[in-house]
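The values are calculated or read from the model by the stated rules, or taken from the named source; none is laboratory data. Computed from a predicted model, the values in this text were never measured in an experiment. With ideal geometry, Cβ positions are generated from the backbone for all residues, glycine too; neighbour counts draw on all protein chains shown. SASA here: full protein model, heavy atoms, side chains in, ligands and nucleic acids out. Shrake-Rupley method; radii C 1.70, N 1.55, O 1.52, S 1.80 Å.
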There are 2 protein chains.
Amino acid sequence: MSLPAYMDDLGRAARAAATAMAAASTAAKNIALLALARRLREAGPALAEANARDLAGAAELSGPLRDRLKLDAKTLATVAEGCEQIAAMPDPVGEITGVKRRPSGISVGQMRVPLGVFGMIYESRPNVTIEAASLAIKSGNACILRGGSEAIHSNLALAEIVAASLEEAGLPRTAVQLVNTTDRAAVGLLISSPQWVDVIIPRGGKGLIERISAEAKVPVIKHLDGNCHSYVDAEVDLEQALRVVDNAKTQKYSPCNATESLLVHAAQARAFLPLIAEIFHAKGVEMRGCGRTCALLPAAVPATEEDWSTEYLAPIISIKVVDSLDEAIVHINRYGSHHTDAILTTNHPNAMRFLREVDSASVMVNASTRFADGFEYGLGAEIGISTDKFHARGPVGLEGLTSMKWVVLGQGEVRG
Amino acid sequence: MSLPAYMDDLGRAARAAATAMAAASTAAKNIALLALARRLREAGPALAEANARDLAGAAELSGPLRDRLKLDAKTLATVAEGCEQIAAMPDPVGEITGVKRRPSGISVGQMRVPLGVFGMIYESRPNVTIEAASLAIKSGNACILRGGSEAIHSNLALAEIVAASLEEAGLPRTAVQLVNTTDRAAVGLLISSPQWVDVIIPRGGKGLIERISAEAKVPVIKHLDGNCHSYVDAEVDLEQALRVVDNAKTQKYSPCNATESLLVHAAQARAFLPLIAEIFHAKGVEMRGCGRTCALLPAAVPATEEDWSTEYLAPIISIKVVDSLDEAIVHINRYGSHHTDAILTTNHPNAMRFLREVDSASVMVNASTRFADGFEYGLGAEIGISTDKFHARGPVGLEGLTSMKWVVLGQGEVRG
């Protein structure tokens, strides 16, 4: 079969499955999720052999990248637990809110319903297959998954486990489908088929996501970079600010919600910068500062214009002294990536202005930017983090995979 | 100046104005709206002359199309009243909802904020300029408007009135900008500039909207056709169903929420169809029926396959007899346009299944499809009606022009 014909078949099957999933009972969806958890824990030689094939094929990959491919008993137990947590969550579908009687006599409200079919494009880690499948099942959507070529055998084996779990619950096997070819043209077809796919969720490097966003003919929930800021205000609890900024930068360097840039009000620069520099220095964090920073910190090197907009994902931080809250807000809105930014302050009006005026998916007062995460926010799970403003913003959980339709309840009203 | 340079200037000014509008006080926004209402009522010869030029240029247009161009005192009073109504509505911006304490100690909620800059592309009616401007002002967005070439002089005069009103309130004149050229290339530039525009809202014929959706590089809130259904169930209050179906079809033929297709359960066909046919016949509505309909109604002509998916916007209706609620739902989801569909029934489980399973922006029980409207739903005003599922669905009011950002309130929490 040609690739376009194959992708059309997947799309047609997904559309049909989406109708069944939208009408599926909460009980059936939870049975599928618990079956999936059980089958993952009991996964036999088929999955192990598939994973071994992927690992053998990835011999040239670096250690950390190979590790992300590995599906050992511990990884499987973790994703199984994730499925159980999603089963335990309330069903988002069918919720009716805001019903109000109108002067005409009709009552108008909104009902939460699935989006339909989502397409997910992701790289190496095969556990994303299960995360996407379990969120699709609970939210009543169908999905078409396109994983990385390095993980194709593992993903196919996992997709078979998902299909068997759906079948066990009396739900369509085709609610979760994995593209069974590593042909890159499949991505192009998936992102340009609004007749089959309602939204595309890419997960991976910035290059992949920019390419998909530029070429997609369907909406994209996209997560570009996380150039996150922590701003130490003029009035501040210094000890608290030190603890939070340290955590925001150094608790882990690779996540998108790690702080990459530190702004300090001039009134606190002399007190705060030498103390945080001592911590950074001890942990081997390179400091790239503005002129005033470098004057205060002998260990800092001068920052270039490019540094202010760079997501390092590494033990490097850019540091700038600012003269006012306004300057901090303007800097963040200009150089940041609208992901997550925090203010450290004891001044209430400043806290409120920062929350309102910083144009980012997550804005924080006196907390580490590392908290920007679906689990920390209580979404239970996260299909991705959106740096867009349209539809879903920030961590996207089950609700981000739904839309609200209008419900009108009448008693024979007509329009005059 | 070249067109791309001009459009970049508009975009840059809009981005700057959007920042000021997002931080603007409710009072300032309302002062601008009330000033706009006053200035519209007092509009002098400049606007009248501009409108006369457009009308003179539109001599070859048909009567109804020319009428839509006309800005007389009555039309201006109506749009002025619309501005006052929007001023009286609560400010959607800054609302914080769902704040919950998390186990880590942080409190997490969501704050409603403007989208940023929207682009609006529309045809002839110049009053849309004021509707878009007033919704932009209240929702704290900036907008770039591109009206029809027939209305260019009226629109430029109206845009000047809007700019003066913004200035009177101390808000940036560039919060609402009108593209001052009728060059079609401006549309292409507007819809492919994600750096300046966050969302495009087209209003006009299906052809225009399909073209914009296919070519846009930014999200589009699109309203395609309204092929709306009324379904008369097996258990029904016949008199009520007659009144509602009559209203849904004949109260006005041109709106997108008029019923275009009638489905009748076989158990009621013999009782219901002759009665509604009598009404339709008296009002000159052409009936195109399935075989069973034609057997019952001598006045009906056979419907073709194409009829089931046609939005007539005219005194024509397609009629089909179905054997079950399931058949009705499948038919609507297949042939409908996911705009608005209604069931007439006294059976509660059937009503609930219809609400859940019909995949449309508005689903109704025992009410006329003509109610699908921002004013009837209590949104106060409507920038458009979305037939998409992504972001906003159905009538889009002030809230559809906003997004929710995450707000985290901490007391120095760090991530472990």
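Filtering segment A:219-232 to residues that are touching a Phe, Trp or Tyr at 6+ places or on another chain (Cβ under 6 Å) and more than 11 Å from chain B (Cβ to nearest Cβ) leaves only A:232. Here the condition is being in a loop (DSSP other than H, G, I, E, B), of a type outside the set (Ser, Thr, Tyr), in contact (Cβ under 8 Å) with a residue 12 or more places away in the chain and more than 21 Å from residue A:273 (Cα to Cα); of A:378, A:374, it holds for A:374 alone. Screening the candidates A:265, A:223 for the property of being at pLDDT below 95 and touching a Ser or Thr at 6+ places or on another chain (Cβ under 8 Å) yields one hit, A:223. Which one of these does residue A:339 not meet: (1) touching a residue at least 24 places away in the same chain (Cβ under 8 Å); (2) crowded, with 19+ Cβ neighbours inside 10 Å; (3) facing another protein chain (nearest Cβ under 8 Å)? Evaluating residue A:339 over (1) touching a residue at least 24 places away in the same chain (Cβ under 8 Å); (2) crowded, with 19+ Cβ neighbours inside 10 Å; (3) facing another protein chain (nearest Cβ under 8 Å) leaves (3) as the failure. With the structure loaded, tell me whether residue B:346 is surrounded by fewer than 24 Cβ atoms within 10 Å (Cβ to Cβ), in contact with a strand residue (DSSP E or B) (Cβ under 9 Å, 6 or more places away or on another chain) and not hydrophobic (A, V, I, L, M, F, W, C) or whether it fails that test. In short, yes.
Among residues of segment A:1-25 being small (Gly, Ala, Ser) and surrounded by fewer than 18 Cβ atoms within 10 Å (Cβ to Cβ), the one that is nearest to residue A:172 (Cα to Cα) is A:20. Just one of the listed residues (B:317, B:383, B:332, B:343) is under 21 Å from residue B:256 (Cβ atoms), hydrophobic (A, V, I, L, M, F, W, C) and not assigned by TED's automatic domain parsing to the domain that holds residue B:259, namely B:383. Yes or no: residue A:232 assigned by TED's automatic domain parsing to the domain that holds residue A:343 and in contact (Cβ under 8 Å) with a residue 40 or more places away in the chain? Considered against the rule, which asks whether it is assigned by TED's automatic domain parsing to the domain that holds residue A:343 and in contact (Cβ under 8 Å) with a residue 40 or more places away in the chain, residue A:232 comes out as yes. Residues in segment A:366-400 that are open to solvent by less than 10 Å² (accessible area, probe 1.4 Å) and of a type in the set (S, T, N, Q) were compared, and the one that is farthest from the chain's Cα centre (by Cα) is A:368.
Residues that are open to solvent by 20 Å² or more (accessible area, probe 1.4 Å), out of contact with any Asp or Glu (no Cβ under 6 Å at 6 or more places or on another chain) and of a type outside the set (Asp, Glu): which strands (runs of 3 or more DSSP E) entirely in segment A:54-123 hold 3 or more of them? Don't jump to the end; show me each part of the working.
Working: elements: A:96-101, A:107-114, A:117-122.
Qualifying strands (runs of 3 or more DSSP E): A:96-101.
Restricting segment A:349-358 to residues that are open to solvent by 10 Å² or more (accessible area, probe 1.4 Å) and either assigned to a strand (DSSP E or B) or facing chain B (nearest Cβ under 7 Å) (or both), the residue that is farthest from residue B:93 (Cα to Cα) is A:357.
So, residue B:317, is that one in contact with an Asp or Glu (Cβ under 8 Å, 6 or more places away or on another chain) and either at pLDDT below 95 or part of a strand (DSSP E or B) (or both) or not? For residue B:317, the condition - in contact with an Asp or Glu (Cβ under 8 Å, 6 or more places away or on another chain) and either at pLDDT below 95 or part of a strand (DSSP E or B) (or both) - is met. Checking the condition open to solvent by less than 50 Å² (accessible area, probe 1.4 Å) and farther than 27 Å from residue A:256 by Cα, which residue from A:171, A:190, A:145 passes? Matching residue, one of A:171, A:190, A:145: A:171. Every condition in (1) within 14 Å of chain B (Cβ to nearest Cβ); (2) surrounded by fewer than 16 Cβ atoms within 10 Å (Cβ to Cβ); (3) charged (D, E, K, R) is met by residue A:235 except one, and the failing one is (1). Return yes when residue B:154 is part of a loop (DSSP other than H, G, I, E, B) and out of contact with any Ser or Thr (no Cβ under 7 Å at 6 or more places or on another chain) and no when it is not. So residue B:154 fails the test. Would you mind stating whether residue A:27 is small (Gly, Ala, Ser) and in contact (Cβ under 8 Å) with a residue 12 or more places away in the chain? The answer is no for residue A:27.
Which one of these does residue B:129 not meet: (1) hydroxyl-bearing (Ser, Thr, Tyr); (2) out of contact with any strand residue (DSSP E or B) (no Cβ under 8 Å at 6 or more places or on another chain); (3) open to solvent by less than 50 Å² (accessible area, probe 1.4 Å)? Failed condition: (2).
Provide a single number: the residues in segment B:384-416 that are out of contact with any Lys or Arg (no Cβ under 8 Å at 6 or more places or on another chain), in a strand (DSSP E or B) and more than 7 Å from every other protein chain (Cβ to nearest Cβ). Residues flagged as out of contact with any Lys or Arg (no Cβ under 8 Å at 6 or more places or on another chain), in a strand (DSSP E or B) and more than 7 Å from every other protein chain (Cβ to nearest Cβ) within segment B:384-416 amount to 3. Check segment B:166-186 and report whether any residue there is basic (Lys, Arg) and outside any helix (DSSP H, G or I). Within segment B:166-186, one or more residues are basic (Lys, Arg) and outside any helix (DSSP H, G or I).
Out of segment B:174-192, which residues are among the charged types (D, E, K, R) and free of Cβ contacts under 8 Å to residues at least 60 places away in the same chain? I'd like the intermediate steps shown before the answer.
Taking segment B:174-192 and keeping what is among the charged types (D, E, K, R), we get B:183-184.
Once the filter is applied, which keeps residues that are among the charged types (D, E, K, R) and free of Cβ contacts under 8 Å to residues at least 60 places away in the same chain, segment B:174-192 yields only B:184.
For segment B:290-308, a residue qualifies if it is more than 14 Å from residue B:331 (Cβ to Cβ) and open to solvent by less than 70 Å² (accessible area, probe 1.4 Å), and the qualifying residues are B:291, B:294, B:296, B:297, B:299, B:300, B:301. Contact map, segment A:148-168: residues that are under 18 Å from residue A:75 (Cα atoms) paired with residues that are open to solvent by less than 10 Å² (accessible area, probe 1.4 Å) and charged (D, E, K, R), Cβ distance under 8 Å, separation 6+ or inter-chain. Pairs shown: A:150/A:54; A:151/A:54; A:152/A:54; A:153/A:54; A:154/A:54. The lone criterion from (1) surrounded by fewer than 24 Cβ atoms within 10 Å (Cβ to Cβ); (2) farther than 21 Å from residue B:303 by Cβ left unmet by residue B:244 is number (1). Remark: residue A:410 matches the filter, which requires a residue to be over 22 Å from residue A:199 (Cβ atoms), in contact (Cβ under 8 Å) with a residue 40 or more places away in the chain and not assigned by TED's automatic domain parsing to the domain that holds residue A:251. Please enumerate the residues belonging to segment B:193-214 that are open to solvent by less than 20 Å² (accessible area, probe 1.4 Å) and without any contact (Cβ under 8 Å) to a residue 60 or more places away in the chain. Listed by number, the list holds a single entry, B:209. Does at least one position in segment B:319-326 carry a residue that is surrounded by 22 or more Cβ atoms within 10 Å (Cβ to Cβ), free of Cβ contacts under 8 Å to residues at least 24 places away in the same chain and more than 18 Å from residue B:293 (Cβ to Cβ)? Scanning segment B:319-326, I find no residue that is surrounded by 22 or more Cβ atoms within 10 Å (Cβ to Cβ), free of Cβ contacts under 8 Å to residues at least 24 places away in the same chain and more than 18 Å from residue B:293 (Cβ to Cβ), so the answer is no. When segment B:132-150 is filtered for residues that are part of a helix (DSSP H, G or I) and modelled with pLDDT under 95, the ones remaining, listed by number, are B:149, B:150. Looking only at segment B:39-53, residues that are surrounded by fewer than 20 Cβ atoms within 10 Å (Cβ to Cβ) and over 26 Å from the mean Cα position of the chain (by Cα) come to 9 in all.
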